[in-house]
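Structure record follows, encoded as structure tokens.
Read-outs throughout are calculated quantities, based only on the coordinates presented, and are distinct from any laboratory measurement. This one's a predicted model, so the numbers in the text were calculated from it and none came from an experiment. Note that we place each Cβ from the backbone using ideal geometry, even for glycine, and neighbour counts take in every protein chain shown.
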Amino acid sequence: MSAAMRRAAVFAGPTTVQVEQTELPIPQATQIRVRMEGCGICASNLPVWEGRPWFQYPLPPGAPGHEGWGVIDAVGNDVTDFKEGDRVAMLSERAYAEYDVAERSACVRLPVELDGLPFPGEPLACAMNIFERSDIRRGDSVAIVGTGFLGMLLIQLAARAGADVIALSRREYALKQARHLGASAAHSTADYGAARDYALRLTDGKGFPRVIEVAGEQSTLDLASDLTAEYGRLVIAGYHQDGPRQVNMQQWNWRALDVINAHERDPKRYITGMEKAVRAMSEGRLEPFSLFTHSIELNDLSATFKLLRQRPDSFVKALLAFEP
């Protein structure tokens, strides 16, 4: 009997993605298999597509997709609290494929009120976890440096929590979106000094008690540091993956800053964040759907990574969609 097959993207080399027929994965005792409805395209995958000396190609089929959701079509023998037909979001590593498997402990059931709606669980969990660690309260002044998908989610969460939010970004389109999502002010970072001075004037030069850096660049880290008030909380949420960074430790010391690295490594924290995202969406505190600007198919992955690198106007977040 021939093995059942699925279509999966294979990163065969720098800027080269092939769609191949591969064997359908079989869930182990504690795993579930999901027929994917979709998977978010994460900016952290861009260097994998572009190619770096430390990556080895080809990648396993479906890798490095990790923002998937879909419907369970098989469960392992030891799984008793999920069943075929349940709709879930999952933490997995090979979700650029029609089917993927995940540990039962890495899955969150999606409620009926989210039926038919996309749910890239991993970045939504990141937003909830970052927001919680930022300790933003009603009436706080908050600066968010970087307005990609994650930055826009944080603008929305902070504004709906009653904070006064300023957004800073290079992209004019993103600044317009930031205002639409609840930012009371938005300013371009094309001129570093002008952006810093504009933001500080809003606080009479004192700086912001909460600043979140979301862009993952040296310049945005510097700007976020400059904007943080004495005894303020500087939250580093940007993905700084392309080498070492320098920080102004004298400034950090002098201002007595609390500096939070808001990245998570414990899968349990991601699952908790995903559960919080489900509740926030069900309660109307989080509405990401307007930010899903592009829907693509497997064959479009390389073209989408080109868009992700260029970030043209109207581009925020692309979702890989599979046929039902």
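Straight-distance candidates among the lysines for linking to Lys317, with alpha-carbon spacing under 20 Å and chain neighbours fewer than 8 residues away dropped: Lys176, Lys306. From the Kirkwood radius over Cα pairs of the stretch 116-158, Stokes-Einstein at 4 °C and 1.567 mPa s returns a whole-number translational diffusion coefficient of 116 µm²/s. What's the center-to-center distance, using Cα atoms, between the stretch 74-145 and the stretch 261-312 in Å? Each part reduced to its Cα centre gives a spacing of 9 Å. Taking 0.36 nm per residue of separation and subtracting the current Cα-Cα distance, fully stretching the chain between Asp242 and Asp86 would add 52.3 nm.
Applied to the stretch 41-49, the Karplus parametrisation 6.51 cos²θ - 1.76 cosθ + 1.60 on θ = phi - 60° returns per-residue 3J(HN,Hα) values of 9, 8, 4, 5, 7, 4, x, 5, 5 Hz, with x for Gly and Pro. For the stretch 2-65 versus the stretch 225-249, the spacing of their alpha-carbon centroids is 33 Å. Seen from every direction in turn and averaged, the convex hull around the alpha carbons of the stretch 1-132 projects onto 9.4 nm².
Rounded to a whole number of µm²/s, how large is the Stokes-Einstein D of the chain at 10 °C and 1.306 mPa s, given Rh as the Kirkwood radius over C-alpha pairs?
Details: Rh = 20.5 Å.
For these conditions, the coefficient is 77 µm²/s.
Cβ crowding within 10 Å ranks Arg171, Arg201 as Arg201, Arg171, fewest other Cβ atoms first.
DSSP bridge analysis restricted to the chain gives an antiparallel fraction near 55%, rounded to the nearest 5.
Across the stretch 47-107, the convex hull enclosing all Cα atoms gives 96 Å³ per residue. Picking from Phe305, Phe149, Phe289, which is most flexible by a Gaussian network model of the chain using Cα springs under 10 Å? With Cα springs under 10 Å in the chain, the top fluctuation among Phe305, Phe149, Phe289 is at Phe289.
Within the stretch 10-42, what residues put their amide N at less than 16 Å from the label point 7 Å along the Cα-to-Cβ vector of Ser295? Flagged as within label range: 36-41. With neighbours defined as other Cβ atoms within 10 Å of a residue's Cβ, the residues Tyr99, Tyr173, Tyr270 order from fewest to most as Tyr173, Tyr270, Tyr99.
Computed from backbone phi with θ = phi - 60° and the Karplus coefficients 6.51, -1.76 and 1.60, the 3J(HN,Hα) list for the stretch 16-28 is 10, 10, 10, 9, 10, 7, 10, 5, 5, x, 9, x, 6 Hz; x is used for glycine and proline. Pick from Ala190, Ala43, Ala199 the residue whose mean-square fluctuation is largest in a GNM of the chain, springs joining Cα atoms under 10 Å. For the chain, modelled as a Gaussian network with Cα springs under 10 Å, the answer is Ala190. Taking the charge dipole of the chain about its Cα centre, with +1 at Lys and Arg Cβ atoms and -1 at Asp and Glu Cβ atoms, the residue from Tyr270, Ala163, Met152 reaching farthest to the positive side is Ala163.
In the frame of its principal axes, the stretch 173-271 has Cα extents of 39, 35, 24 Å, reported largest first.
For the chain, a Gaussian network of Cα nodes joined below 10 Å ranks Glu93, Glu264, Glu113 by mean-square fluctuation, and the top entry is Glu113.
Every pair of different Cα atoms in the stretch 213-324 enters the Kirkwood calculation, which places the hydrodynamic radius at 17.2 Å. Altogether, the Stokes-Einstein calculation at 20 °C and 1.002 mPa s, with the Kirkwood radius of the stretch 85-183 over Cα pairs as Rh, returns a diffusion coefficient of 141 µm²/s. Ordering Ile136, Ile155, Ile296 by the number of other Cβ atoms within 10 Å of each residue's own Cβ, fewest first, gives Ile296, Ile136, Ile155.
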